[in-house]
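The values are calculated or read from the model by the stated rules, or taken from the named source; none is laboratory data. All figures in this text were calculated on a predicted structure; none of them were measured in a lab. Glycine gets a Cβ as well: all are built from the backbone with ideal geometry, and neighbour counts include every protein chain shown. Accessible surface is based on the protein model in full, side chains and every heavy atom, while ligands, DNA and RNA are left aside. Shrake-Rupley method; radii C 1.70, N 1.55, O 1.52, S 1.80 Å.
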Amino acid sequence: MRVAVCGLGSHVAQVGVIPALRRSSWTQFLGGTTRSVETARKVLADNERRYPDYEAILNDPSVEAVYLPLPNDLHLDYLAKALAANKHVLCEKPLLTSEADYVKLERLVATSSCLVAEAFMSSYHPRLRSILDLVASGALGEIISVQTSFTGALSPLDGYRIDSTRGGGSLLDVGIYALHPIVALLGNAPSAISATVMPSKTSPPIDLTTHCLLSYPHGVSAAFITSFISGESQNVRILTRRATIEVSRACTPSDEDTTWTITTADGTTIHDSRGYDPYQAMVDEVFEAFTDGREPSWNLSRAHQLATLLFRINETWRSGS
């Protein structure tokens, strides 16, 4: 499938997605848009095209799909234009910034012959899949609690990520990483939510850090933290009736991240799974699915379910309820 990128200046596009597009047997990377001639020279090979603007990509009949690594608040508009131009879309996370936008997008997709996928690469990594499958199988007993984190120091602390009107804040921007294991194992409908936020001084404020406790039936709980201003942590800890599973670098793993630990009454053991470049895994699965006319595993429905909980948590701290 022939793919163009809207936004060659994006860091994640340059270091993750474009290399994967070039390597994948399911894609041909045609080029992309940038206002900077220097960026085009840095990113594009001689046989790849610098498009002057997004409309030029959409008007190119050779382009079958687009990748959108744009600011969060621009996604819906560009998604709508791409679907109208009969292009499949892989769009950076967070896919959308409100429940209303998801309703609009789902209506657009329902009347289109093309598909939309959120570029959430963590869900495609073999290690995390192995862990979630193992726990969900019940082999380690019933789940007692799930604890996750996605924190780090955002530098510079500016732009759309600190603008609440543009989907900014640590919760909406990176909360998907922390919530994914929780929703995968416990669902997106906790019976109670408690969120404590360290707000910015901007007006209206964003959450620089969010601590959240989610209560599920029968005493099961989940907790997570997201942050733009702290030390780096990307951990998952799952407590079951028979074991504790712990994994570091769970959210942005590489092909070298293969191990996790399981502690039982008999001691701690190290388990190993296949490592892989998560961007490559995502690109291969997404564009194979697009080629076949079907949704990938991280489909629009799963993205919406997780986002619904994100929006609910965000409203909880903003309303003070």
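With just the Cα atoms defining each centre, how far is the stretch 132-200 from the stretch 1-47? Give it in Å.
If we compute the Cα centre of each part, the gap is 29 Å.
Simple spin-label model, 7 Å along Cα-to-Cβ: SER248 to HIS11 in nm?
Spacing of the two 7 Å Cα→Cβ label points: 2.1 nm.
How much length would be gained if the chain were fully extended between GLU99 and ASP255, taking 0.36 nm per residue of separation minus their Cα-Cα distance, in nm to one decimal? Before the final figure, lay out the partial values.
Working: separation 156, 0.36 × 156 = 56.16 nm, distance 3.45 nm.
Stretched fully, the GLU99-ASP255 segment lengthens by 52.7 nm.
Can you pull the percent of the stretch 145-216's accessible area that's carbon plus sulfur, 1.4 Å probe, other chains left in place?
Details: 1570 of 2870 Å².
Ligands and nucleic acids excluded, carbon and sulfur give 55 percent.
Normalised by the number of residues in the stretch 78-193, what is the relative contact order in percent for Cα pairs under 8 Å and 6+ residues apart? Walk me through the numbers on the way to the answer.
Details: 90 pairs, mean separation 28.3, N = 116.
Averaging sequence separation for qualifying contacts and normalising by length gives 24 percent for the stretch 78-193.
Can you give the relative contact order of the chain as a percent, counting alpha carbon pairs under 8 Å and 6+ residues apart? Write out the running numbers ahead of the final one.
Values: 642 pairs, mean separation 60.1, N = 321.
Averaging sequence separation for qualifying contacts and normalising by length gives 19 percent for the chain.
Working out 0.36 nm times the residue gap between ASP272 and ARG23, then minus their Cα-Cα distance, what length gain in nm do you get to one decimal? Let's see the in-between values first.
Values: separation 249, 0.36 × 249 = 89.64 nm, distance 2.58 nm.
Here the answer is 87.1 nm.
List the GluC sites (Glu not before Pro) within the stretch 252-321 that fall in a DSSP loop (any state other than H, G, I, E or B) and whose Cβ has at most 10 other Cβ atoms within 10 Å.
Working: sites: GLU256, GLU285, GLU288, GLU315; in loops: GLU256.
Filter output for the stretch 252-321: GLU256.
Measuring with a 1.4 Å probe in the full set of protein chains, what accessible area per residue, in whole Å², belongs to the chain? Show your work: numbers first, answer last.
Numbers: 14100 Å² over 321 residues.
Solvent-accessible surface per residue comes out at 44 Å².
Take the Cβ-Cβ distance between GLU232 and LYS201 as r, set R0 to 35 Å, and report the resulting FRET efficiency rounded to the nearest 0.05.
E between GLU232 and LYS201, to the nearest 0.05, is 0.90.
Rounded to two decimals, what is Rg over Rh for the stretch 84-172 when you use alpha-carbon atoms and the Kirkwood radius? Mind dumping the intermediate values first?
Working: Rg = 17.6 Å, Rh = 16.6 Å.
Radius of gyration over Kirkwood radius for the stretch 84-172 works out to 1.06.
Calculate, in nm to one decimal, what ILE193 and ALA84 gain on full extension: separation in residues at 0.36 nm each, minus their alpha carbon distance.
Values: separation 109, 0.36 × 109 = 39.24 nm, distance 3.86 nm.
Gain on stretching ILE193 to ALA84: 35.4 nm.
If you project the alpha carbons of the chain onto their three principal axes, what span does each projection cover, largest first, in Å?
Here the spans come out as 59, 45, 38 Å, largest first.
With r defined as the distance between the Cβ atoms of GLN305 and LEU213 and R0 fixed at 22 Å, what FRET efficiency is calculated, to the nearest 0.05?
Values: r = 20 Å, r/R0 = 0.90.
According to the calculation, E is roughly 0.65.
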